[in-house]
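Report on the structure given below.
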Amino acid sequence: MNIRITKLLISISLLPLACFSQNPIVQTYYTADPAPMVHNGTVYVYTSHDEDETVKNFFTMYDWRCYSTTDMVNWTDHGAIASLKNFGWMDKTNGAWAPQCIGRNGKFYLYVPIHGEGIAVLVSDSPTGPFSDPIGKRLIDSDHVWQDIDPTVAIDDNGQAWLYWGNPKLWYVKLNEDMVSYDRSVGENGIVSIDMTAEAFGSKEGRDGKPGTTYTEGPWFYKRNNLYYMVYAAEGIPEYIAYSTATSPGGPWTYKGNIMQRAPQLAFTNHAGIIDFKGNSYIFYHDQDLSKGQGFKRSVSVEQFKYNADGSIPLIIPTREGVKQSVGNLNPYQKVEAEAIAWSEGLKTASDSKTGVYVTKIDNGDYIKVRSVDFGKGAKKFEASVASASAGSQIEIRLGSIDGELLGVCEVKNTGGLQNWEMQSCKVKKIKGVHDLCFVFKGGGGQLFNFDWWQFK
Ligand code: FUB
């Protein structure tokens, strides 16, 4: 087959991904166990992170990452916001499992399980860190640390915070207002064990052959319209997503059934997080589409859904298309981080203390797509902050897709190194109104340049 035909076939095979995908929401890293948090008109999604290289055919997870959006389609990468190195009291180098973050009194509390060490907490003044360890030991003082995974936290209207967790059982503590200690007067030294009954979580034969429930792990606890929800990964493995409800935060729980069935693109684990944002409801989960079926290389995806009138959750189909409609526009007349991405191919992000997060590993043909860019009355000039160790690379600015109308070409000169940042610019065809854009990177062989932000004038 000649090279042209081969390239044509490759580009045709990429077309469905390039043009129609919004899932998974992150293409630069493998992400899992999504925990969305709405704060000040922004959705932050905290994720665990499956490394590109799986060690010993098991979960290989060293840090936690964070992504944010105001429109549900362009996701800004905030990098690794915490890692196992945050905890001086233990020496585990693997096991950074499913996190959740919550804000209270101007601080942000990140609850994390460390597989085999139990549940710990970090605190920060900002949703994106830096986080530090406020207590210097594990938070949950139990004798079943290997089962202490997947913390989920919510603050009730009366100010009481509840932290649930567990595999294959479900426990909770009532957190004190400081969010880093809990009421020791209830349960066993503060830890309350939920009754795992068929009425509460549906029935299934347990791992020991005895009657058990469908509850497995990954609880997501929240309140909506005076009803408490416990969404969870069920009947592992492979897992599906089910839920129960209760009229009080400590239960009793009533099983309500399956809301996301097993599907070929889903992994052997699943893990959900649900929010309401700008009048819509969204469910985050993870799948294995990006890694083409590798269960230790998962990716976070999201679907929009509508609750039924009685508050029940419908069956939700995981799709590659994901969120169809953005709920806001990007303003191109202020600096937009290059790592604000609706879809990308071939790229990574990196960060340092001077520049923050930036896009790296840019090779010829790689691209970034951003959606819903509102040009208003019109733009004429494009500026980009780039760092390059060689000359001759370009950023093609295209309308809608990688082969859309060419609006302009920004030459990337040699700035003297991949950490020497300079602003470079080009004229663009006048463009008005709201459009999707593609930045297509062109150049010779190897890594072309790093890309920090862009802006139109
Ligand atoms: O990501 C590691 C573990 O896999 C999580 O803690 C579980 O919820 C499952 O997703």
Worksheet item: Across the range 264-287, which residue is nearest to GLN160 (Cα to Cα) among those that are within 16 Å of the ligand (Cβ to nearest atom) and open to solvent by 30 Å² or more (accessible area, probe 1.4 Å)?
Response: PHE268
Worksheet, complete the sentence: Selection from the range 95-115 of residues closer than 12 Å to ALA82 by Cβ and of a type in the set (A, V, I, L, M, F, W, C) yields ALA96, CYS101, PHE108, LEU110, VAL112, ILE114
Practice prompt. Give the number of residues within the range 35-90 that are of a type in the set (Val, Ile, Thr) and either over 26 Å from GLY328 (Cβ atoms) or within 16 Å of the ligand (Cβ to nearest atom) (or both).
Written response: 5
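Here is a yes/no grid of residues against (1) open to solvent by 60 Å² or more (accessible area, probe 1.4 Å); (2) away from the ligand (no atom under 16 Å from the Cβ):
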{"site": "VAL145", "(1), (2)": "no, no"}
{"site": "GLN160", "(1), (2)": "no, yes"}
{"site": "ASN167", "(1), (2)": "no, no"}
{"site": "LEU170", "(1), (2)": "no, no"}
{"site": "VAL173", "(1), (2)": "no, yes"}
{"site": "TYR182", "(1), (2)": "no, yes"}
{"site": "ASN189", "(1), (2)": "yes, yes"}
Practice prompt. Considering every residue within the range 249-264, establish whether at least one is assigned to a loop (DSSP other than H, G, I, E, B), within 17 Å of the chain's Cα centre (by Cα) and among the aliphatic types (A, V, I, L, M).
Written response: no
Worksheet item: Is one or more of the residues making up the range 329-350 among the aliphatic types (A, V, I, L, M) and surrounded by fewer than 18 Cβ atoms within 10 Å (Cβ to Cβ)?
Response: yes
Worksheet item: Can you spot a residue in the range 148-157 that is surrounded by fewer than 20 Cβ atoms within 10 Å (Cβ to Cβ) and farther than 18 Å from MET37 by Cα?
Response: no
Practice prompt. Could you grab the pairs with beta carbons closer than 7 Å, sequence gap of 6+ or different chains, first residue in the range 252-279 and under 15 Å from TYR215 (Cβ atoms) and of a type in the set (Ser, Thr, Tyr), second one part of a strand (DSSP E or B) and away from the ligand (no atom under 16 Å from the Cβ)?
Written response: THR254/SER244; THR254/THR245; THR254/ALA246; TYR255/SER244
Response to the item:
Among (1) exposed (fewer than 15 other Cβ atoms within 10 Å of the Cβ); (2) within 30 Å of VAL327 (Cα to Cα), MET423 falls short only on (2)
Item to complete: Give me the pairs, please: first residue somewhere in the range 29-55 and under 12 Å from ALA98 (Cα atoms), second residue anywhere and open to solvent by less than 10 Å² (accessible area, probe 1.4 Å) and among the acidic types (Asp, Glu), beta-carbon distance under 6 Å, and either six or more positions apart or on two chains.
Response: ALA32/ASP50
Fill in: Conditions (1) out of contact with any Phe, Trp or Tyr (no Cβ under 7 Å at 6 or more places or on another chain); (2) outside the structural domain of THR214 (by TED's automatic domain parsing): number failed by ASP289
(2)
Practice prompt. Hey, can you tell me all the residues within the range 292-334 that are in contact with a Phe, Trp or Tyr (Cβ under 9 Å, 6 or more places away or on another chain), over 24 Å from ILE237 (Cβ atoms) and aromatic (Phe, Trp, Tyr)?
Written response: PHE305, TYR333
Worksheet item: Hey, any hits in the range 92-104 for a residue that's away from the ligand (no atom under 15 Å from the Cβ), open to solvent by 20 Å² or more (accessible area, probe 1.4 Å), in contact with a helix residue (DSSP H, G or I) (Cβ under 9 Å, 6 or more places away or on another chain) and in a loop (DSSP other than H, G, I, E, B)?
Response: yes
Worksheet item: Listed residues VAL231, VAL300; which is assigned by TED's automatic domain parsing to the domain that holds GLY166, closer than 30 Å to THR360 by Cβ and of a type in the set (A, V, I, L, M, F, W, C)?
Response: VAL300
Item to complete: Considering every residue within the range 117-129, establish whether at least one is more than 16 Å from the ligand (Cβ to nearest atom), open to solvent by 20 Å² or more (accessible area, probe 1.4 Å) and touching a His at 6+ places or on another chain (Cβ under 6 Å).
Response: yes
Worksheet item: Does the range 234-243 include one or more residues that are of a type in the set (Gly, Ala, Ser), under 26 Å from the mean Cα position of the chain (by Cα), within 16 Å of the ligand (Cβ to nearest atom) and open to solvent by 20 Å² or more (accessible area, probe 1.4 Å)?
Response: yes
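When you scan the range 125-142, do you find a residue that is among the hydroxyl-bearing types (Ser, Thr, Tyr), closer than 19 Å to LYS174 by Cβ, under 20 Å from the mean Cα position of the chain (by Cα) and assigned by TED's automatic domain parsing to the domain that holds ALA272, even just one?
The answer is no; no qualifying residue exists.
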Response to the item:
Of the residues in the range 298-311, those that are open to solvent by 30 Å² or more (accessible area, probe 1.4 Å) and either touching a strand residue (DSSP E or B) at 6+ places or on another chain (Cβ under 9 Å) or within 16 Å of the ligand (Cβ to nearest atom) (or both) come to GLN304, LYS306, TYR307
Practice prompt. Please determine, by comparing only the residues of the range 426-457 that are among the small types (Gly, Ala, Ser) and surrounded by fewer than 16 Cβ atoms within 10 Å (Cβ to Cβ), which one is modelled with the lowest pLDDT.
Written response: GLY445
Worksheet entry | Exclusive hit being open to solvent by less than 50 Å² (accessible area, probe 1.4 Å), in contact with a strand residue (DSSP E or B) (Cβ under 7 Å, 6 or more places away or on another chain) and modelled with pLDDT of 95 or more, set ILE402, ILE368 | ILE368
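The values are calculated or read from the model by the stated rules, or taken from the named source; none is laboratory data. Not measured: the values here are computed from a predicted model. Cβ: placed from backbone, ideal geometry, glycine included. Neighbour counts: every protein chain shown. Accessible surface is based on the protein model in full, side chains and every heavy atom, while ligands, DNA and RNA are left aside. Shrake-Rupley method; radii C 1.70, N 1.55, O 1.52, S 1.80 Å.
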